[in-house]
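Peer 1: Here it is: the structure, laid out below.
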Amino acid sequence: MKEWCIKVDKNSAGKIIKKLRSVSLILEECIIDHDGQFVYIPVKKDTGNCIKHDFKLKNTPENIIRSNLGLRVNNTPKFIKLGDSIIFNKNQRVNKRIAEVYCNAYHAKNAYIFTGKIKGKMRIPSIKFLCGKNEDTIIVENGVKYALNPAKVMFSPGNINIRTEMGKIDFKDKTVIDMFCGIGYFSMPVLKYGNPKRLIACDINPDSIEYFKRNLKLNRIIYEPEIFLGDSRAKCPDVSADYIIMGNFESPKFLAQALIHSHRGTLLSMHFLERRGKIKRPEEIIKNARRLGYIISVKNIKIVKSVSHELVHVNSLFQVYNCL
Ligand SMILES: C[S@@+](CC[C@H](N)C(=O)[O-])C[C@H]1O[C@@H](n2cnc3c(N)ncnc32)[C@H](O)[C@@H]1O
């Protein structure tokens, strides 16, 4: 590929490359060339003393895509890599051939494209399959494996910090309820690292429950949690839990049910959406708990991620102090 180049003596090349790199002038997609005496440095523009030189491209995914599809740098479709799959953003101009080149360049098994919003109570993504074997996508995070089909169940890469934190809590002798367990977003790290006495997991989505069971095997978890398909308000057995995970933006609506399963000291990890700016929901939740006859306090509040221009995802940990 012919590009602008600065030709320098090999003895001064190191210093010049460092200087050019500090001002981001080097064309990093190309491999710096040399003959016995001179070094040829590819640059983004003619600085006045440049010549044209034929460079080889580095073997990066971007270059593989560019040379296969002839696309320009700022004209490539936007995508996320989710484990061993690629998911293109909505409205990108992608067909099967382009998707295959991306899979090849990024060593991905499957490619999908977002076609709309995440829908309904089960939070099912609107996704179309583009190419690959449509096998389970495998995501590995902090030593925990999650198998899923991105067209059937959601996975939020932005919740990584919360999943990591769940894996650091010691649940020895504790009873945990995961009211919206999904494929095991939070239960898998708890089971893998937290050693709970008992774990109860509920979800209304049969695909999620199927993947939850598959993920237990994938992570070689020998402990058998109690898994229920259905509404956690109806399915959760009559137990008093030490820790209740409420990984659903609608969690404040499930407060009464969570409190029924609580005792003095129980921790409730609630997820909800808030407008940017002042976080008001925890105060509301405390008042609602009081109306239900419980005194709860906030142990901590974290902003997990930005969801839109107006909304942020908040995770708040409450502790049950007393029943009135
Ligand atoms: C937002 S998703 C979980 C996302 C997840 N926390 C993450 O990190 O990507 C919420 C889950 O709650 C489940 N769900 C919704 N309403 C429910 C209910 N009443 N009882 C049990 N599960 C429910 C959905 O099927 C879905 O799997």
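Peer 1: Spot the failing condition for Gly14; the list is (1) over 30 Å from Lys133 (Cα atoms); (2) in a loop (DSSP other than H, G, I, E, B), and only one is missed.
Peer 2: It fails just one condition, (2).
Peer 1: Let me ask something else. Please go through region 32-85 and give me each residue that is at pLDDT below 90, of a type outside the set (A, V, I, L, M) and outside any loop (DSSP other than H, G, I, E, B), ordered by number.
Peer 2: Those that are at pLDDT below 90, of a type outside the set (A, V, I, L, M) and outside any loop (DSSP other than H, G, I, E, B): Pro61, Glu62, Asn63, Arg66, Ser67, Asn68, Asn74, Asn75.
Peer 1: Now for a separate question. Restrict the check to region 171-188 and report whether at least one residue is in a loop (DSSP other than H, G, I, E, B), buried (at least 21 other Cβ atoms within 10 Å of the Cβ) and in contact with a Lys or Arg (Cβ under 7 Å, 6 or more places away or on another chain).
Peer 2: Looking for residues that are in a loop (DSSP other than H, G, I, E, B), buried (at least 21 other Cβ atoms within 10 Å of the Cβ) and in contact with a Lys or Arg (Cβ under 7 Å, 6 or more places away or on another chain), one finds at least one in region 171-188, hence yes.
Peer 1: Just to be sure before I move on: is Ala256 buried (at least 17 other Cβ atoms within 10 Å of the Cβ), of a type in the set (Gly, Ala, Ser) and more than 9 Å from the ligand (Cβ to nearest atom) in the structure I sent?
Peer 2: Criteria not met by Ala256.
Peer 1: If you go through region 177-198, how many residues are touching a strand residue (DSSP E or B) at 6+ places or on another chain (Cβ under 7 Å) and either at pLDDT below 95 or more than 15 Å from the ligand (Cβ to nearest atom) (or both)?
Peer 2: 6
Peer 1: Right, next: Among the residues in region 99-116, are any farther than 24 Å from Glu62 by Cα and not hydroxyl-bearing (Ser, Thr, Tyr)?
Peer 2: Within region 99-116, one or more residues are farther than 24 Å from Glu62 by Cα and not hydroxyl-bearing (Ser, Thr, Tyr).
Peer 1: Return yes or no: is Lys52 surrounded by fewer than 13 Cβ atoms within 10 Å (Cβ to Cβ) and touching a strand residue (DSSP E or B) at 6+ places or on another chain (Cβ under 9 Å)?
Peer 2: Taking the combined requirement at face value, the residue satisfies it.
Peer 1: Something else now. Out of Asn75, Asn68, I need the residue that is surrounded by 15 or more Cβ atoms within 10 Å (Cβ to Cβ) and of a type outside the set (Asp, Glu). Which one?
Peer 2: Asn68
Peer 1: Among the numbered criteria (1) surrounded by 14 or more Cβ atoms within 10 Å (Cβ to Cβ); (2) not assigned by TED's automatic domain parsing to the domain that holds Leu218, which single criterion is violated by Val140?
Peer 2: Result: Val140 fails condition (1) only.
The values are calculated or read from the model by the stated rules, or taken from the named source; none is laboratory data. Nothing here was measured: the structure is a model prediction, and the numbers come from that model. Note: ideal-geometry Cβ built from the backbone for every residue, glycine included; neighbour counts use all protein chains shown.
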